[in-house]
Each structure stands twice: as C-alpha cells, then as structure tokens.
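The values are calculated or read from the model by the stated rules, or taken from the named source; none is laboratory data. In this text the structure is predicted, and so the values were computed from the model without any measurement. Counting neighbours? That spans all protein chains shown, and the Cβs are built from the backbone with ideal geometry, glycine included. Protein only, heavy atoms only, side chains kept; ligands, DNA and RNA dropped before computing areas. Shrake-Rupley method; radii C 1.70, N 1.55, O 1.52, S 1.80 Å.
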Amino acid sequence: MSMDRRQFLKIAGISSILGFGASVASATHTIWEPGLKPPQVEPNPDGLIAKRWAMVVDMSKFKTDEDIKKVTTACHQTHNVPDFRNPDGTVDKKFEIKWIWEEPFGRTFPGSENKFMSEHIKDMPFIVLCNHCDNPPCVRVCPTQATFKLPNGITMQDMHRCIGCRFCMAACPYGARSFNWTDPRKAINPATENKAYPTRTKGVVEKCTFCTERLQFGKIPACVEAAPKGAMFFGDIEDPNSEVRKIVTSQLTIRRKPELGTGPAVYYVIGGSDHA
Amino acid sequence: MLEKAFEGGKKYWAWLFFLGALSAVGVYYYIQQFQFGLGLTGMNRDVSWGLYIGQFTFLVGVAASAVMLVIPYYLHDFKKFGKIVILGEFLAISAVTMCILFIFVDMGQPMRIMNVILHPTPNSVMFWDSVVLSGYLAINALVGWVTLSADRKGVPPPKWIKFFIYLSIPWAVSIHTVTAFLYSGLPARHFWLSAVMAARFLASAFAAGPALLIILALIVRKISKFDPGKEAIQAIGKIVAYAMFANVFLLGLEFFTAFYSGIPGHAASFLYLYVGLEGHTELVPLMWTSTILAIVALLLLVFPAARKKEGLLAFACLSLFISLWIDKGFGLIIGGFVPNPFEEVHPYWPTMPEALITLGVWAIGFLVLSMLYKIAISVRERTAGIEIEH
Ligand code: SF4
Ligand code: SF4
Ligand code: SF4
C-alpha cells in the first residue's frame, strides 16, 4: 500500500500523539542532513477503518453493577487513567479524572425525567463518555488545535500541544473532559499500569479517544470488549451493513442533548429488545 | 521620562516596597502551584475556571473603561477631561497587564503559551481575545507615552497620534465584547448563553472602571500637587451612574427571561447564586452583599446633592466597585459552572494559595499603576497651570 506524504505525516503524527514512538520505524537520532528521508511507516493492514465511527449502548443488557464496573475499569486501566482516592477510599472529587462512568437517567438526559415514569428506567444507570460530536464545541474553542477532529469522526486530543486553558471543558456540553490538576502518575497503580499506553503530565486535558490506538491495531474499544453481550456496539455508522447502523435504523435510540446541534455519535437504545 | 518613576519620597518608596512584598508572596505561591499543578486551587472537574478567570474578566472591563474618558475628550471636545485622560490610559495599561498575568497563572502548561501564536486558530475566541488584548496594551502605551511626552515639552502632541486615539475607541469596545464572547457562545452553559452578555459586560465595565478612576483621582489630588479637576471628577460620577443603571437594567432582563420563560436550566444558576440550589448556599451571602452595595451606590450617585460631596462620592464609587467585583469577578464565572452539565451542584471556593496568587497579581498591577501615575504626576506638577490642546 502506498501513501502520500500528507497521509504519512498524519499517521505518524497520530502515533506520536499517542506516544507510539515504536510504531514509527526506527527513528534516527540524526537531527537532519541533506537527503535524509523522514522515518517511514506503513499503515497497519489489520487496522480498522471507518467513514464515521459511532457507538451504541443498551443499558438493559447490563445486569449488575459489576457489569458496569468492568467496562469503566477496562477503559481506565487500558489508558492509565489515574484513580485519586481520599484516605477513606472514596473518589477524590478534587482531582478526579474519568473517561467513562455511570450517571443516573435524569442526569444523563436532563429534563427527560417525569414524575410517573417507571422506577426501572429512572433508577437505571447509564454509562457516559465523550460523544465524539459531529460539530464539537470543544474543537471550536480550542486556541491551539490541541483538540481536533479526525476524518473518521473521532475527536482527538494532543497532550503535547495542550496549554491547559480549559476552554474546552467550559465548552463541552457533556462534562466529558477532565483536567490533570496535579501529576496523574501519583495515582496510577504500578501493578496495573499499561506500559503500552502513555501516561499524561499535569496541566493538560484528557478524555475518551474512542480507542484510536486500538483501532489502529485492529482491536475494538476496550469498553466494548469488556461489556456484556449485546450491551455495547461500535462500528461505522455510515456503512449500512454495520451493526451500529442497523440498530440505530431499526430501534428507538436517543442521544444526549441533541437540541444543541453537536451531533453526538453515541446512541442509547431505549426499550431494550434483542438486536441484530 | 521613565526615570521619574524612580524618584520619590520615603512614602512613595514604602508604598512600592509594600506592593513588592505582596507580589513576592504571590510569586512564592505561584512557584508552588507551578510545581504541584492547578490542584493547589479550589477548582475541580466541574468548576474548571475560578477566581483567576473571574479577575481576568473583570479587569478587561476596567481596561476598556478608559474609553469613557477618551470619547468625551477627543470626540466631544469636553475640555475638562484634558488632565485626567492620561490617568485613564495608564489605568488601562496596568489593567491589561493584570489580565495577561491572570491568564498566565491560570494555564495548566504555561511554558507552552507560545502555542497560541504558533498554531493560530481563528475559530477560537480565545485566540482573538489574545490578539485584541495585546493590541489594546500597545495602543494605550503608545498614546499615553506620546501625549505625556508632548505635555512635558509643552508642545501639542504630533498629529499622527490622533489616529491611534480614535482607534482606541472601537478597540476598547472590542476587548470587552470578545471577552464576553468567550462565554456567550458556549452551547450548554445557560447562564452565559445570552445575547445581552456583551452589553452587560460593557455596562458593568463602564461603571466599575470609571468608579475606580474617581477613587484614584481623589487619591492623586490628596497626595500630590496635581489636580485632575473637580468638574472632571463630577462628570465621571455621572458616567458611573448612567452605566450602573444600564447594567442593573440588563441584569433585570436576564432575570425576566430566566424566570418568566420557566425553563429550569435558565433559572438554575440564578437560583444557585441568589437563594441557593439543592442545599448549596455558599455564594448567597456574597451575591446579596453585592446587591446591597449596588443599591447603596446607586442611591448616592443618583442624587446630585450626595454625589457633589466628594466623600460620599468616593464611598459610592468604592461600594460600586466592590459590588461589581463580586458580581463579575466571581459570581459570573462560578454561576456558569453551577449546576454542571449533569445538573449537579458542585461548589467551588478559592484556596488560600489561590487567593494569595490573586492578591500578588493585583499587587503587580498596582505597582505598575503607581509607577506610571508617578510619572504622570511629575509631569503634571511641572506643567501645572499650563493648558495644552491635544
Ligand atoms: S462530547 Fe464533549 S469532548 Fe466529546 S466531542 Fe463532544 S464536545 Fe468534545
Ligand atoms: S485545555 Fe488544551 S485542549 Fe482544551 S482548549 Fe485549552 S489547549 Fe485546547
Ligand atoms: S472507547 Fe476506548 S477510550 Fe473511549 S471509553 Fe471506551 S475504552 Fe475508553
């Protein structure tokens, strides 16, 4: 497979954003000399590609709290998300960082609750994460393009460019972004640290990446992998044959705050029958 | 001319030393914050901007308010402002300096500040804000310096400076409008998502800035032989009164829309600020203090008899300044983040280091201001009695 320079730079750029220096073939230590070509990298032939990545979540398939915890832990461990705790073991809200977590129905979809709705739905926990919006306010406001869109719809974050102004946090309507209020490495358990994924520094913003780094190696997102059968789907919503597309076309799904025009790419199945 | 800033009596040096000491405390805590991270402040995942950005917003207004002297003097030929206009321009310089410092101390990665220039992003309001603020600083420095130098030599300032003086008028409006756009263009922050935000910003700025200027002018007259002019001070008092009424009116519009529409999201922040929400009443005493001070100030300003007494005028201006400082430098920012996008209430309160860093930045601003005013006063004292046409 051939690739032009632009494409190469893009992929190399993304790989280095994620800290995958290793996937860039043998970086040389010479700064530059005439005739020297930049290191070349071939796209992974097993990499997953899509026109528009999207996710479908069906909370009715999560039977226990344990099921949900598995999903959030899978993400947070894969991505070295720090876990700040108070001395009594509760989450330290002051430093908290989260990429995916649970919220009750009324908090996930503010204003959608009503007095008479079934207790079942009212009490149902929903998992929330970055929506990888079509028209993301976080990208619009970022003064350095440290948060930006990939052509496949993913909203990415460049930890090396971010100046930590937190404009994107004020702009995101979904509270999806977290800031490193102090060195996150203090709160990463060395025993579970994923050495293949970079840790972050203090003073930068982070969030779910739709597992861009896993897609490149042909793997679906860690949360989807850890979810119970039929609870989470991930795929190309532009592809009429994809699972996500079939579900969204055939069932009632809702998105968070659609009235804002952000175009979230995370869909929630309401009703919970069996899918495709 | 610069040497004038370093020639002064014992009291002047004691004052500078005092400000220097406060700045040093701020710098000390800033180094702590630099090492530990912004976790040293009271900010958190839900209230991700706090005191620093509040001060920044408030001070952009103070900076913009110099225009309230420039317009009457240069556009309407209101001669009485001839001597005081320089105080406005120098106040603008120190206010913008503080703005820049507040942005700097609020950054998670301050060493990367150049990224804003290396990767210019026209779709980001913050990019434009940095452009207009630095432009405004440059314009005011230029105008202040050139006009004062001319005064010193006893000659009218060069003709070309008029261009920059006129330019400073729309520019002043732009800095505060763009700053308002930082907030009023965010889709899910009901409290900020309001078209009158920029107008409100300008109104409160044109009240708070000139109020501070009156206080400063009264101090200058007390401690030096430079008299900015009784009538000039009275005229500014009227400007403050009008601007404050406009501000209260605009705030009233916000209340009407929020509560008459009955949309819960629109009312939530107002409820949090003025009566408390979900049992959280942290900011209620502060917001009512602000309200009461505003009423007191308005009552004193609206009656000419009260306004004409300089003691009462100073008191009114001080109340008004504190009132707007609470309202804009604190309530406005925190209110935008509470409730959060999940409609939960997570309160915020600044920490001691955060407060001391804030105080340090103000001290640096006043240090700059004192030195600039010292220069202006020295020049004015020498040329006292000579009226120069600008
Ligand atoms: S959910 Fe928030 S962080 Fe994610 S793309 Fe949308 S606006 Fe950006
Ligand atoms: S915090 Fe980082 S990603 Fe967010 S707007 Fe600022 S520079 Fe961009
Ligand atoms: S898609 Fe990947 S990064 Fe996003 S929540 Fe799931 S596991 Fe985490």
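Summary of computed values
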| read-out | value |
| --- | --- |
| Solvent-accessible area buried by pairing B with A, both sides, nearest 100 square angstrom, 1.4 angstrom probe | 3600 Å² |
| Gaussian network model of chain B, Cα within-10 Å springs - most flexible of B:W192, B:W160, B:W13 | B:W160 |
| Heavy-atom accessible area ranking, 1.4 Å probe, most first, across A:K69, B:K79, A:K115 | A:K115, A:K69, B:K79 |
| Rounded to the nearest 10 Å², the accessible area of A:D134 at probe 1.4 Å | 100 Å² |
| Sparse-neighbour loop sites [GluC sites (Glu not before Pro); segment A:210-271; at most 16 other C-beta within 10 Å; DSSP] | A:E238 |
| Heavy-atom accessible area order for B:V302, A:V81, largest first, 1.4 Å probe | B:V302, A:V81 |
| Where only C-alpha atoms are counted, convex hull volume of segment B:76-193 per residue in Å³ | 152 Å³ |
| Calculated [θ] (222 nm, deg cm²/dmol) that DSSP helices of n ≥ 4 give over chain B, each run adding -39,500 (n - 2.57) | -23500 deg cm²/dmol |
| Once the Cα gyration tensor of segment A:64-226 is diagonalised, semi-axes √(5λ) in Å | 25, 21, 17 |
| Solution diffusion estimate, µm²/s, Stokes-Einstein, segment B:1-154, Kirkwood Rh from C-alpha pairs, 37 °C, viscosity 0.692 mPa s | 180 µm²/s |
| Kirkwood Rh and Cα Rg combined as Rg over Rh, evaluated for chain B | 0.97 |
| Principal axes of segment B:85-139: Cα extent on each, largest first, Å | 37, 23, 14 |
| Cα-based reach from A:K122 at 14 Å (exclusive), listing aspartates and glutamates while leaving out same-chain residues under 8 positions away | A:E102, A:E103, A:E113 |
| A:A196-B:K162 FRET efficiency (beta carbon distance; Förster radius 60 Å; 0.05 resolution) | 0.40 |
| Rg/Rg_ref, segment A:205-259, where Rg_ref = 2.2 N^0.38 Å and atoms are Cα | 1.28 |
| Rg(Cα)/(2.2 N^0.38 Å) for the protein assembly as shown, N = residue count | 1.08 |
| Alpha-carbon centroid distance for the pair segment B:239-278 / segment B:163-214, whole angstrom | 17 Å |
| Surface per residue (accessible, 1.4 Å probe) for chain B, Å² | 41 Å² |
| Largest-first ellipsoid semi-axes for segment B:271-390, taking √(5λ) over the Cα gyration tensor eigenvalues, angstrom | 38, 22, 11 |
| Chain B, accessible surface, carbon-and-sulfur percent (1.4 angstrom probe) | 74 percent |
| Of B:A208, B:A66, B:A363, the one that fluctuates the most in a GNM where chain B has Cα springs shorter than 10 Å | B:A363 |
| 1.4 Å probe, heavy atoms, protein only - residues of segment A:152-167 losing at least 30 Å² accessible area vs chain alone | A:R161, A:I163, A:C165, A:R166, A:F167 |
| Shape of segment B:1-85, Cα gyration tensor, a/c cut at 1.5 | oblate |
| Cα extents of segment A:167-230 along the three principal axes, largest first (Å) | 35, 33, 23 |
| Amide H contacts of B:G42 (H built 1.01 Å from N, under 5 Å, at least 5 apart or other chain) | B:T351 |
| Inter-part distance where segment B:102-141 and segment B:63-99 are each reduced to a Cα centre, Å | 23 Å |
| Accessible area of A:H79 in the full protein assembly, 1.4 Å probe (Å², nearest 10) | 0 Å² |
| Computed P(r) (all Cα pairs; segment B:225-320; 5 Å bins; percent) | 2, 12, 18, 17, 15, 11, 9, 7, 4, 2, 1, 0 |
| Highest-MSF residue in chain B out of B:E231, B:E254, B:E354 [GNM, Cα springs under 10 Å] | B:E231 |
| Euclidean distance between Cα centres, segment B:282-350 to segment A:213-276, Å | 48 Å |
| Minimum 50 Å² accessible area buried by the other protein chains, segment A:81-122 residues, probe 1.4 Å, relative to alone | A:K94, A:R107 |
| Fraction of accessible area attributable to carbon and sulfur, segment A:64-226 (%, probe 1.4 Å) | 54 percent |
| Segment A:91-160, accessible area per residue, ligands and nucleic acids excluded (1.4 Å, Å²) | 41 Å² |
